[in-house]
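The values are calculated or read from the model by the stated rules, or taken from the named source; none is laboratory data. Treat the numbers as computed from the prediction; the structure is a model and nothing was measured. Note: ideal-geometry Cβ built from the backbone for every residue, glycine included; neighbour counts use all protein chains shown. Just the protein is used for accessible areas: all its heavy atoms, side chains included, with ligands, DNA and RNA removed. Shrake-Rupley method; radii C 1.70, N 1.55, O 1.52, S 1.80 Å.
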Amino acid sequence: MSLSAKNEFTYAKGSSVEGSIQRGKQLVETVGCQGCHVVGENLKIREARGTSYDIAPELNRVGSKVSPDWAYDWIRNPRHYNPTTKMPSLRLTEGEARDITAYLMTLHDERPMEPVTLNLESPIAIKKGEGLIREYGCNGCHVIRGMEKEGRVSVSLSNFGRKKVEEMDFGDTDVHHAWNDWVFNKLKNSRAFQTERIAQKMPVFAFSEEEIKLLRMFLLSETKDEPDRKYVQAFDKKQQNIESGRRLAIMYNCQQCHQLEKSGSHISANIEEAAFIPPIITGEGKKVQEPWLHDFLQNPSVTGQPNSIRPWIPTRMPTFNFSDDEINKLTKYFLGLSSQELELRDYTAVRPDPALLPVGRTIFEDFQCLKCHPSGNVVARPGEGSTADLAPVLTKARGRLKPEWIVEWLADPNKLQEGTRMPTFWPDGQSPLPDVLDGSAQKQMEAVRDYLISIGQPARPVVSAR
Amino acid sequence: MYTRHLLKATALCMCIVGQSMAGDVTGKVSFDGAAPKAARLKMNADPVCMKAHKNPVTSEEVVVNSNGTLKNVMIYVKEGLGSRKFDAPGQKVEFDQLGCVYTPHVVGIQTGQELLVKSSDPTLHNVHSLSKDNPQFNVAQPKKGMTLTKKFEKPETFKVKCEVHTWMNAWIGVFNHPFFAVTGGDGSFSLKKLPAGDYTVEAWHEKYGTQTMKVKVAATGAVTADFKFAAK
């Protein structure tokens, strides 16, 4: 949880030298940093998200805040400094991290600052500082050595919804004496009810009015009342699985980049080419093999790197260092969203039907699937025009996609992923090939599926050292 | 009840009378300023498309005709027809993929009328409609000579694109009446046999947006409605 005194944080000195500012800027703009951090004048993602707060600090003055060596260590592996940080790893190489550090160090705080003389040795100042830290409850959010066991400095909110108006201090204001009005004004300006005699210490959060109303609704629900059973939603196993995975997804901000349960994809505000937007993942449970999902969540290498599904996309899926428990929860969440349960399936046992395979190959060639799905290891082609017309590499399909999903996808791609560029070749279940497999669309799609299974890298065995 | 029947009857009569008293709205769409240089379409991604053309192919986003008029402007009655209903014509509207270009680039169709999408190219195309009010479709046509028939129930103008060949796009305008036209090589148009009355006629261009004009169609005779778009 915290940086313990025993495990002192150290990092290499001089490790950040000789980076290229220009390459660093380019990386910051493409690998995904701007998904969470505002850098420069680009506010599109912040605006698309529409909250009064960012999910990660703005970096426009970071060069005045941290040392280059610290920054290098942090971006290479954020968990080295803080084992529980939400900042993921982007699997930057040493060179990439050096370049990004070089760029970040050019972002200075240009505001004029008054010189301050500090006496850091003064026992009186130290004592006073410690007192202020305790008084304001800094340790409520920050881990401060020696204060790990301190309690919260403010009141409990667990029965706040039942707080009586007579117990609320309206200070010298003329705010209407009602619970609703007190809470609204408190959240609008946490120091609103301060008087000469009563100081208030709650931070000013600058919530938007919409957010204040949502928070107020939540606070109203904070009571010790036992609601009537019939108004309490009983969660069955499936709903519990969905709910616990959903919370994880919210905590790790999956929706910042992905569309999930019809919301999110804020990063798309900054991506011009629709084909480069991170995928919609609501239907992932139905789509991908569980062992593949496990490995992927543990160690994603899909985007921006060779040997991945769409290697030409510059934005990287970060490595979140999920625990096995978290991966399990996320897997059950995705399965639950697709009304499926976790079962051990041996995907390696799925073999193409020898009778269908050659037919599948013919259809695959006739339909010119390779026009969009590249067959080799394609990388970004700078100067050669856009790679936005490319579709996923199909040699990954066998070890990644559920066999039944492939057929469902072929039948009506737009039904599974609204707005997809993948067309249907069998519109309304009708085959354009009346002479192949008796003109049966279903059989033809199964044949293509079997051919895909035959060309790909094998599925991962289900029995593994999990 | 009686009043309602009477109203219905009156409306019907007006309609019949209207049909017999009709005029044509004709005009041309001129273009003001220097014609922007049309972007060359790079068809390198597909040799079949490359081979289909001897000369370089350019984008049809803005086509200024030699007589200073603007091509591919869709003109239609926007308001004034009231609740009149029009039967869909029996003939199909053809929409071809030829040399990896959509032909025509802008096409109008009536609600309920059939659109015949065909491919004259020996390569894979997909036709992806980006409609908002009508259900979207995205159908592949991997073989030359393949056809597909579509109907639209809601009036709207939407884009169509091909994801295999990213340069390919076209526009389809759907109208719940037959009074629409698209300017061709001479920039002229005519909306034929419009019932006598007051109308708002709109001119739409994919790059230059829309313009409207109030038009009064008398019982007999033609009305002229000229539009002018300016270079941006």
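Counting only strands (runs of 3 or more DSSP E) that sit completely within region B:61-144, those holding 1 or more residues that are touching a Gly at 6+ places or on another chain (Cβ under 8 Å), of a type outside the set (Ser, Thr, Tyr) and within 14 Å of chain A (Cβ to nearest Cβ) correspond to B:115-119. Determine whether residue A:214 is open to solvent by 100 Å² or more (accessible area, probe 1.4 Å), within 30 Å of residue A:60 (Cβ to Cβ) and part of a helix (DSSP H, G or I). For residue A:214, the condition - open to solvent by 100 Å² or more (accessible area, probe 1.4 Å), within 30 Å of residue A:60 (Cβ to Cβ) and part of a helix (DSSP H, G or I) - is met. With respect to the conditions (1) within 14 Å of chain B (Cβ to nearest Cβ); (2) at pLDDT 90 or above; (3) assigned to a loop (DSSP other than H, G, I, E, B), residue A:362 lacks only one, and its number is (3).
For residue B:143, state whether it is over 15 Å from the mean Cα position of the chain (by Cα), open to solvent by 60 Å² or more (accessible area, probe 1.4 Å) and not hydroxyl-bearing (Ser, Thr, Tyr). Against the criterion (over 15 Å from the mean Cα position of the chain (by Cα), open to solvent by 60 Å² or more (accessible area, probe 1.4 Å) and not hydroxyl-bearing (Ser, Thr, Tyr)), residue B:143 qualifies.
Here the condition is being modelled with pLDDT of 95 or more, open to solvent by 30 Å² or more (accessible area, probe 1.4 Å) and away from chain A (no Cβ under 14 Å); of B:232, B:193, B:228, B:151, it holds for B:228 alone. Going by the structure shown, is residue A:400 at pLDDT 90 or above, more than 14 Å from every other protein chain (Cβ to nearest Cβ), farther than 13 Å from residue A:444 by Cβ and open to solvent by 20 Å² or more (accessible area, probe 1.4 Å)? When the stated conditions are applied, residue A:400 passes them.
Do the conditions hold for residue B:157, that is, is it more than 10 Å from every other protein chain (Cβ to nearest Cβ), polar (S, T, N, Q) and open to solvent by 10 Å² or more (accessible area, probe 1.4 Å)? Yes, satisfied.
Entry remark, region A:120-174: residues being part of a helix (DSSP H, G or I) and polar (S, T, N, Q) number 1 in total.
Among the residues making up region A:106-137, a single one is more than 26 Å from the chain's Cα centre (by Cα), within 24 Å of residue A:20 (Cβ to Cβ) and open to solvent by less than 50 Å² (accessible area, probe 1.4 Å): A:109. Looking across region B:196-225 at every residue that is open to solvent by 50 Å² or more (accessible area, probe 1.4 Å) and part of a loop (DSSP other than H, G, I, E, B), the one that is farthest from residue B:25 (Cα to Cα) is identified as B:207. The residues in region A:224-242 that are under 30 Å from residue A:327 (Cβ atoms) and among the charged types (D, E, K, R) can be counted, and the count is 3. Among residues of region A:217-243 being of a type in the set (Val, Ile, Thr) and within 30 Å of residue A:328 (Cα to Cα), the one that is most open to solvent (accessible area, probe 1.4 Å) is A:232.
Pairs linking a residue in region A:70-82 that is among the charged types (D, E, K, R) to a residue that is outside any helix (DSSP H, G or I), with Cβ atoms under 8 Å and 6 or more positions apart or on different chains, are A:73/A:11; A:73/A:12; A:73/A:15; A:76/A:89; A:76/A:92; A:79/A:85; A:79/A:89; A:79/A:321.
Taking the criterion of being under 18 Å from residue A:368 (Cα atoms) and open to solvent by 20 Å² or more (accessible area, probe 1.4 Å), the residues of region A:436-450 that qualify are A:436, A:446, A:449. Has region B:157-175 got any residue that is within 22 Å of residue B:23 (Cα to Cα) and over 11 Å from the mean Cα position of the chain (by Cα)? No: zero hits.
Here region B:164-190 is the region considered, the condition is being among the small types (Gly, Ala, Ser) and part of a loop (DSSP other than H, G, I, E, B), and the residue that is least open to solvent (accessible area, probe 1.4 Å) is B:187.
One residue alone among A:384, A:418 is within 11 Å of chain B (Cβ to nearest Cβ), open to solvent by 20 Å² or more (accessible area, probe 1.4 Å), modelled with pLDDT of 85 or more and not in a helix (DSSP H, G or I), and that residue is A:418. The listed residues are A:436, A:407, and the only one of them that is of a type in the set (A, V, I, L, M, F, W, C), within 27 Å of residue B:130 (Cα to Cα) and modelled with pLDDT of 90 or more turns out to be A:407.
Within region A:423-435, the residues that satisfy the criterion of being crowded, with 16+ Cβ neighbours inside 10 Å and part of a loop (DSSP other than H, G, I, E, B) are A:423, A:425, A:426, A:431, A:432, A:433.
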